[in-house]
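Colleague: Input: one structure, supplied below.
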Amino acid sequence: MTVPAAPPVTRVATHCPYCALQCGQWVDGRGDVDGREFPTNRGGLCQKGWTSGSLLAHPERLTTPLMRTSRSTPFESVTWDAALGQVAGRLRDLQAEHGPDAVAVFGAGGLTNEKAYLLGKFARVALGTSQIDYNGRFCMSSAAAAGNRAFGIDRGLPFPVTDLDDAEVVLLAGANVAETMPPLMGHLTGARLVVVDPRRTPTAERAVASGGVHLQPVPGTDLVLALGMLHAAAVDGHIDADYLAERTTGFEDAWRVAAQWWPERAERVCGVAAADMRTAAGLLAGASRRYVLTARGAEQHAHGVDTVSAWINLALALGLPGRPGSGFGTVTGQGNGQGGREHGQKSDQLPGYRSISDPAARAHVAGVWGVERTACPDPAAAPPSCSPRSAGPTARRRCSSSAPTCSCPLRTRTPWPSGSLPSTSSSWPTYCPARRRWPPTSCSPWPSGRRRRAR
């Protein structure tokens, strides 16, 4: 008796749907997953990746639309035409009664470029609403704004993660990649890590084991820590003056802020020992291949743009961006946060990274879409109560009155990624805030000569 051979199972080459690494994987029709050779994961997967296929065959997975006539009645399966008709009808009714901005659209960094583009077009043309944004508003938007300040362009991670393989020192500000993106740790095995995190995370443990440093700031004081490290780098002679002069502008203004936050003063606020700040700055300065990477922990603050700007300033002052084997980047949380911003699902942007507040940009996109210029709404024209810009003052009030403001970012002389990055040789720090004199020499950390302990 011959047993018939089982039909071959077709596998599809795809990517893990979760974090920004988008690890390569094989998935078959039964939901079985296997690792696939890909630069980010090199054939391995984390627990999220190995279990991602289980959703495909789960008995509770929805395969048809469900509707109910009221909240007290059960859901019943309906056709797609019936479900979409119900949604479209209710949207029309709401907008007829309350205006087009009564309907809002919320996207996500997990959408492909094509989906993000269509979502923005659907919101602004089909619905006619100016109320669209995506889930990067409280994280990657801070990094994007800081990047635009410094480089003239938003590029989350401007180099492949494989570049980290040869890094000697990597500073991770607000990132616990050992738990949230485990395959990324495979690219950091040869580097000494400087981890900025209030918690003693597995990534922080790895930093200590690698001969690096774990800096534990009081929550909400990341900006103070970054300014203290910039001050330490300047006074200890780690600033790359030639790089600043040739490739950037604005260091004098940035230093005027950092000069107020010498490490001993910063220690009183953020709780990180001044000696540790100097050690971390020295590690970055002493390596030839070094990176500064920020993530959600640095961005998700009411002053997240300033915090990321401060870390960029540190990277620029040390001469990192634009040099082989070194740089600044943002560890994104989802697979296509960058593409989503560039293709039109962000509240202040149209496809092609065009500013929606620019009348010429709105007119161009309206022409491509074949609609009237007025059909591309400007959020600034929305009522103050619902305009995205109205959130600004509220967010500012959430800042502690004692929080510093880093509103003086360094800027590259030419837009990223051409590599031109900060001022004259006389602009590197020469002011000693402790003794209020020039140039800095060995000086006591406090005008009175007394040293205070962190509270």
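The values are calculated or read from the model by the stated rules, or taken from the named source; none is laboratory data. Everything numeric here is computed off the predicted structure, so don't read it as measured data. With ideal geometry, Cβ positions are generated from the backbone for all residues, glycine too; neighbour counts draw on all protein chains shown.
Colleague: I'd like the full set of residues that are touching a Pro at 6+ places or on another chain (Cβ under 7 Å), hydrophobic (A, V, I, L, M, F, W, C) and either outside any helix (DSSP H, G or I) or loosely packed, with under 12 Cβ neighbours inside 10 Å (or both), limited to the range 46-90.
Modeller: C46, V78, W80
Colleague: Among the numbered conditions (1) more than 20 Å from T248 (Cβ to Cβ); (2) assigned to a helix (DSSP H, G or I), tell me where A175 comes up short.
Modeller: (2)
Colleague: For V195, are the conditions met, namely being crowded, with 23+ Cβ neighbours inside 10 Å and either in contact with a Leu (Cβ under 9 Å, 6 or more places away or on another chain) or at positive phi (or both)?
Modeller: yes
Colleague: Which one is farthest from V272 (Cα to Cα), of the residues in the range 211-249 that are in contact with a strand residue (DSSP E or B) (Cβ under 9 Å, 6 or more places away or on another chain), small (G, A, S) and buried (at least 21 other Cβ atoms within 10 Å of the Cβ)?
Modeller: G212
Colleague: If you don't mind, another one. Sort out for me the helices (runs of 4 or more DSSP H) sitting completely within the range 258-310 that have 2 or more residues that are of a type in the set (D, E). Show your work before the answer.
Modeller: Working: elements: 263-270, 274-286, 296-299.
It comes to 263-270.
Colleague: May I ask you to list the residues in the range 165-190 that are crowded, with 20+ Cβ neighbours inside 10 Å, closer than 19 Å to L314 by Cα and either of a type in the set (S, T, Y) or out of contact with any Gly (no Cβ under 6 Å at 6 or more places or on another chain) (or both)?
Modeller: Selection gives A167, V169, V170, L171, L172, A173, A175.
Colleague: From the list G156, G147, G120, which residue is more than 26 Å from V368 (Cα to Cα), buried (at least 22 other Cβ atoms within 10 Å of the Cβ) and not hydrophobic (A, V, I, L, M, F, W, C)?
Modeller: After ruling out the rest, the residue left standing is G147.
Colleague: Then there is this: When V208 is evaluated against the numbered criteria (1) within 26 Å of G322 (Cα to Cα); (2) surrounded by fewer than 18 Cβ atoms within 10 Å (Cβ to Cβ); (3) among the hydrophobic types (A, V, I, L, M, F, W, C); (4) in contact with a strand residue (DSSP E or B) (Cβ under 6 Å, 6 or more places away or on another chain), which criterion, by number, is the only one it fails?
Modeller: For V208, the failing item is (1).
Colleague: Still on this structure, I have one more. What's the number of the only condition in (1) more than 20 Å from L193 (Cα to Cα); (2) within 17 Å of the chain's Cα centre (by Cα) that V331 fails to meet?
Modeller: V331 satisfies all of (1) more than 20 Å from L193 (Cα to Cα); (2) within 17 Å of the chain's Cα centre (by Cα) except (1).
Colleague: At pLDDT below 90 and under 27 Å from G333 (Cβ atoms) - does that describe any residue in the range 24-31?
Modeller: yes
Residue by residue, here is whether (1) touching a Phe, Trp or Tyr at 6+ places or on another chain (Cβ under 8 Å); (2) buried (at least 24 other Cβ atoms within 10 Å of the Cβ); (3) not small (G, A, S) holds:
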| site | (1), (2), (3) |
| --- | --- |
| R290 | no, yes, yes |
| A295 | no, yes, no |
| G304 | yes, yes, no |
| W311 | yes, yes, yes |
| G340 | yes, yes, no |
| H343 | yes, yes, yes |
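Colleague: Which residue out of T40, T14 is assigned to a strand (DSSP E or B), at pLDDT below 95, out of contact with any His (no Cβ under 7 Å at 6 or more places or on another chain) and surrounded by 12 or more Cβ atoms within 10 Å (Cβ to Cβ)?
Modeller: Values: T40 fails: assigned to a strand (DSSP E or B).
After applying the criteria, what remains is T14.
Colleague: What pairs come up if the first residue lies in the range 333-362 and is outside the structural domain of A20 (by TED's automatic domain parsing) and among the hydrophobic types (A, V, I, L, M, F, W, C), the second is at pLDDT below 85 and in a loop (DSSP other than H, G, I, E, B), and their beta carbons are under 7 Å apart, counting only those six or more places apart or on different chains?
Modeller: What qualifies is I356/D378.
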